[in-house]
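Scroll down for the structure; my scribbles are underneath it.
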Amino acid sequence: MQIKPIDIIRLDAVQPQRWFNGGGRTREIATGTGNPDWDWRLSVADVESDGPFSHLPDIEREIYLLEGAGMQFDFEDGDAHALTPESPRFRFDGGRGLYSRLIDGPTRDFNLMWRRGRVDAELWRRPMVGSMVVFAEAREIWVVHLLAGSAQVADGSGQGDGLARGDTVLIRAGDERRRCAVEGAGEALVIRIAPASGVIES
């Protein structure tokens, strides 16, 4: 299958997958294929009950709370952290033992995961006023996930359909630098994924 340099993923079109423990559902937005496993993964999760997090050695995780009152994270090493609307993002080592408790009902969160030593990733929350221009260097991948408002891709690719809340634009630079403009008003999560060593195969 040919990989599109600029792709739009609509959250409503992604089929949710029920967790093995029955505690929630995940919509996988995109993954970067590595050898033998994925190098990075983007998803949106609906958390419906308390429970342990999956044990993911060598994986860095960053969670951003999208909806709900949040979760209390209790780590096996005694550390604790509250993910709330006032403190909506948290980065941690996926190999740490972790039990999560819902603070007040179900939540929805955005998940960024990446494999240490293969790729590096950064996440920012940014307002959108007019045009947001992304310059992706060679072999970088940039992501714009719309949190609120509306937008459209304006790069001449023919993907000018409107973006709604929850939609994601995936920008892959390949071997050459790529420019992409996203125009609109609202807020977005902006993510940069770049090779730590070698090339991201995706």
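Side notes on the structure shown:
- For Rg and Dmax of the Cα atoms in Å, computed directly from the structure shown, the correct entry in (i) 15.3, 42; (ii) 17.6, 53; (iii) 16.9, 52 is (iii).
- Computed log₁₀ I(q)/I(0) - Debye formula, equal Cα scatterers, no solvent, the stretch 68-167, q 0.17, 0.24 Å⁻¹: -1.00, -1.37
- Taking the Cα centre of the chain as origin and assigning +1 to Lys and Arg Cβ atoms and -1 to Asp and Glu Cβ atoms, the resulting dipole is close to 400 debye.
- Relative contact order computed over the chain (Cα-Cα under 8 Å; 6+ residues apart), in percent: 24
- Of the residues L123, H81, S100, the one whose Cα sits farthest toward the positive end of the charge dipole of the stretch 54-174, with +1 on the Cβ of Lys and Arg and -1 on the Cβ of Asp and Glu, is L123.
- For the peptides 111-122, 19-30, the ranking by mean Cβ contacts within 10 Å, running from highest to lowest, is 111-122, 19-30.
- Prolate/oblate/rounded label for the stretch 82-133 (Cα gyration tensor, a/c 1.5): oblate
- Order by protection proxy (mean Cβ within 10 Å, highest first), peptides 64-75, 129-140: 64-75, 129-140
- In plain terms, the chain from R25 to A138 could stretch by 37.3 nm, reckoned as 0.36 nm per residue minus the Cα-Cα distance.
- For the stretch 1-149, with +1 on Lys and Arg beta carbons and -1 on Asp and Glu, the positive-most of F20, T33, V47 along the dipole: T33
Computed from the coordinates by the stated procedures, all read-outs in this text should not be read as laboratory data. Fair warning: this is a prediction, and the values are worked out from it, not measured in the lab. Positions of Cβ are generated from backbone atoms using ideal geometry, with glycine treated the same way; all protein chains shown enter the neighbour counts.
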